[in-house]
Amino acid sequence: MHAKKMQQRKQKNHLFKNLSFFMTLITITVLFLLLYDVFKDGIGWLNWNFLTSYPSRFPEQAGIKSALVGSLWMISLTMPIAIPIGVMTAIYLEEYSPENRLTTFIRVNIANLAGVPSIVFGILGLTIFVRTLGLGRSVLAGSLTMALLILPIIIVASQEAIRSVPNSLRDASYALGATRWQTIRYTVLPASLPSILTGIILATSRAIGETAPLIMIGALTYIAFLPSGPLDSFTVLPIQIFNWTSRPNADFHGLAAAGIIVLLAVLLFLNTTAILLRNKYQRRLND
Amino acid sequence: MLLSIKDLSVSYGKNQALKNINLDIEPNTVTAIIGPSGCGKSTFLRSLNRLTELTPNTTTRGSINYKEHNIYEMDPMEVRYHIGMVFQKPNPFPKSIYENVAFGPKLNGYDNNLQEIVEESLKKADLWLEVKDRLKDNAYTLSGGQQQRLCIARSLAVKPDILLMDEPTSALDPLSTAKIEDLMTTLKEHYTIIIVTHNMQQAGRVADNVAFFLNGELIEYGSSEKIFTKPFDKRTEDYITGRFG
Ligand SMILES: Nc1ncnc2c1ncn2[C@@H]1O[C@H](COP(=O)(O)OP(=O)(O)OP(=O)(O)O)[C@@H](O)[C@H]1O
Ligand SMILES: [Mg+2]
């Protein structure tokens, strides 16, 4: 009897292992098919010229210079806006705010905001930044919109990171006479930083790949110059790619695939940097 | 009188955890707090350095005079500076051994003879010989018993007067427990210790005075000799002889 039960349990154990392996295999296969397809179409178009040329009506001369630089512009304006606001909001909500209905209401709403379709943020950005504040269809307007979009992601991830710091560590710090700020600065933040950085990585990737809100606020698809300041108009990689895929000429589809490769490379580069950064902090935490 | 507790009541929301506690504590003594689970021992200890107020919705009434000053009228940081605490589960910071001990002094901007303070505190906690060659190692690489002594050293580094210990040996093996008990006896010379324990033998070994709590009330308080040989209250006797709780 006992032996039979044991046998069954082992079988189930085995079954689950195989099942999860199979599921992983599906994911990886799909990913590789996608990559294969993109590389097959795009690799031929990928060369130095492609990276350093402006878009053009002639596929052979077209490139992604303005989109690439536009994406970098946007990210380097978005993150410095979104990170401090997001992390500080999370600190306030987790460490300072009183436990009352208003706090609960704010928490729930921020969590919900993280699930709002990106196009809604586009409409908001168009109304507030482009029109009301008169920033026009500029990099700054785009970055502010994107910052709004990724704020909830950063806040929620940081909140979770801060919440996962055990209270016993806070007790230890307070019992030594630390103020609330000292406890946050020297105990809570160091312990939650790796997870906060992970949230920021995810948010950055989201901001780079997001298209809809920028189309909404009117990032242009054809730009033959580089933004020289935050108030210049701009385009970004996913918009340029989207534009090329919607052309009938097959050569443009190749260009789009090449653009996707560049976008993937940028994402990979950013994620790797962020992961290295995170590991460095994590190691310091464990030393 | 070092610590004089008058009519102390503490509630978590509507749940009253301590009811009108009156207790005086002499300097350079070890006082053991005993009583069944949930009777308010930890709450009592945490109210002595105002850690209870970190829990939302707690209310405290009464007064606790430390050297003639009501701690509830003092700055809480200052209170905790004089009245340190060691917790049930060792809770070192995820930092090096050195940084753990230096944490408290650093908070107060102390940095000229940190090295000395760290060494002195580790020696007092009887840990120095075991860690002196690995001060840069992470505190989590220490055994549970060593971690608890590190936490003691960390508390001592801010030079407190009173050391509160909430079941400091309940997560430790007999050998580490014996070490910490010995430590309490030596620390008594310079500090006043209040310890929560579920272990009657331990209370008998280390404590000068014993306070028995039941359902948030202080039932009996007296010298450990008296409490363990001829307790005044029937409930105390029942508890220490293991008839309930
Ligand atoms: N953070 C809290 N929030 C609400 N109620 C609490 C909290 N901490 C303790 N209590 C309640 O206060 C009462 C006393 O708890 P306390 O932790 O002081 O008991 P204890 O004597 O230390 O028990 P144990 O021996 O199990 O550690 C209990 O009824 C408990 O449920
Ligand atoms: Mg307790």
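So that you can scan it fast, the table gives a plain yes or no per residue for (1) under 27 Å from B:LYS67 (Cβ atoms); (2) within 13 Å of chain A (Cβ to nearest Cβ):
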| residue | (1), (2) |
| --- | --- |
| B:GLN88 | no, yes |
| B:GLU99 | no, yes |
| B:LYS124 | yes, no |
| B:VAL131 | no, no |
| B:ASP137 | no, yes |
| B:TYR140 | no, yes |
| B:GLN147 | no, yes |
| B:ILE152 | yes, yes |
| B:ALA171 | no, yes |
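Within region B:152-170, the set of residues being in contact (Cβ under 8 Å) with a residue 60 or more places away in the chain, closer than 14 Å to B:LYS89 by Cβ and within 16 Å of ligand 2 (Cβ to nearest atom) comprises B:MET165, B:ASP166, B:GLU167, B:PRO168, B:SER170. Scanning region B:154-169 for residues that are of a type in the set (D, E, K, R), under 19 Å from A:LEU169 (Cβ atoms) and away from chain A (no Cβ under 12 Å) yields a single hit, B:GLU167.
At pLDDT 95 or above and of a type in the set (S, T, N, Q), is that true of B:THR55? Spelling it out, it is not the case that B:THR55 is at pLDDT 95 or above and of a type in the set (S, T, N, Q). Within region B:235-245, being under 19 Å from B:LEU45 (Cβ atoms) and out of contact with any helix residue (DSSP H, G or I) (no Cβ under 7 Å at 6 or more places or on another chain) holds for one residue alone: B:TYR239.
Looking at region A:121-167, which of its residues are over 26 Å from the mean Cα position of the chain (by Cα) and either in contact (Cβ under 8 Å) with a residue 24 or more places away in the chain or within 14 Å of chain B (Cβ to nearest Cβ) (or both)? Selection gives A:PRO166, A:ASN167. Tallying residues that are aliphatic (A, V, I, L, M), buried (at least 16 other Cβ atoms within 10 Å of the Cβ) and farther than 19 Å from B:ASN91 by Cβ within region B:115-131 yields 1. Restricting to region A:173-182, and then to whatever is facing chain B (nearest Cβ under 7 Å) and assigned to a helix (DSSP H, G or I), can you tell me which residue is surrounded by the fewest Cβ atoms within 10 Å (Cβ to Cβ)? The qualifying residue surrounded by the fewest Cβ atoms within 10 Å (Cβ to Cβ) is A:GLN182.
Selection of first residues in region B:47-66 that are without any contact (Cβ under 8 Å) to a residue 40 or more places away in the chain and of second residues that are among the charged types (D, E, K, R) and within 12 Å of ligand 1 (Cβ to nearest atom), restricted to Cβ pairs under 7 Å at least 6 apart or on distinct chains, gives the following pairs, ordered by first then second residue: B:LEU51/A:ASP171; B:PRO56/A:GLU99. Within region B:206-234, the residues that satisfy the criterion of being farther than 23 Å from B:SER47 by Cα and surrounded by fewer than 17 Cβ atoms within 10 Å (Cβ to Cβ) are B:GLU225, B:LYS226, B:THR229, B:LYS230, B:PHE232, B:ASP233, B:LYS234.
For region B:9-19, residues that are away from ligand 2 (no atom under 16 Å from the Cβ) and closer than 12 Å to B:GLY40 by Cα total 4.
When you check B:ARG50 against the structure, is it closer than 24 Å to B:ALA207 by Cα, out of contact with any strand residue (DSSP E or B) (no Cβ under 9 Å at 6 or more places or on another chain) and more than 16 Å from ligand 2 (Cβ to nearest atom), yes or no? Criteria not met by B:ARG50.
With respect to being loosely packed, with under 15 Cβ neighbours inside 10 Å and under 23 Å from the mean Cα position of the chain (by Cα), A:PRO117 fits the description.
Restricting region B:80-94 to residues that are without any contact (Cβ under 8 Å) to a residue 60 or more places away in the chain and surrounded by 22 or more Cβ atoms within 10 Å (Cβ to Cβ) leaves a set whose member that is farthest from ligand 1 (Cβ to nearest atom) is B:PHE93. In region B:22-33 there is at least one residue matching the filter, namely being within 15 Å of ligand 2 (Cβ to nearest atom) and over 21 Å from A:LEU176 (Cα atoms).
Scanning region B:2-47 for residues that are assigned to a strand (DSSP E or B) and acidic (Asp, Glu) yields B:ASP7, B:ASP24. Taking the criterion of being within 14 Å of chain A (Cβ to nearest Cβ) and within 7 Å of ligand 1 (Cβ to nearest atom), the residues of region B:8-66 that qualify are B:TYR12, B:GLY13, B:SER42, B:THR43, B:THR55. Within the set A:ARG206, A:ARG247, A:ARG170, A:ARG185, the sole residue that is surrounded by fewer than 21 Cβ atoms within 10 Å (Cβ to Cβ) and within 12 Å of chain B (Cβ to nearest Cβ) turns out to be A:ARG185. Among the residues of region B:162-208, those that are part of a strand (DSSP E or B) and within 16 Å of ligand 1 (Cβ to nearest atom) comprise B:LEU164, B:MET165, B:ASP166, B:ILE194, B:ILE195, B:VAL196.
When B:ASP126, B:ASP161 are checked against the criterion of being farther than 25 Å from B:LEU3 by Cβ and of a type in the set (Asp, Glu), B:ASP126 stands alone in meeting it.
Could you list, in sequence order, all residues of region B:132-161 that are outside any helix (DSSP H, G or I) and buried (at least 21 other Cβ atoms within 10 Å of the Cβ)? The answer is B:LEU142, B:ALA157, B:VAL158, B:PRO160. In region B:67-79, the qualifying residues are those that are more than 11 Å from chain A (Cβ to nearest Cβ) and surrounded by fewer than 23 Cβ atoms within 10 Å (Cβ to Cβ), and the one that is farthest from ligand 2 (Cβ to nearest atom) is B:GLU68. For region B:173-207, the set of residues classified as within 14 Å of chain A (Cβ to nearest Cβ) and over 13 Å from the mean Cα position of the chain (by Cα) is empty.
The values are calculated or read from the model by the stated rules, or taken from the named source; none is laboratory data. As the structure is a computational prediction, the values presented were derived from the model and not from experiment. Cβ coordinates were reconstructed from backbone atoms using ideal geometry, including for glycine residues, and neighbour counts include every protein chain displayed.
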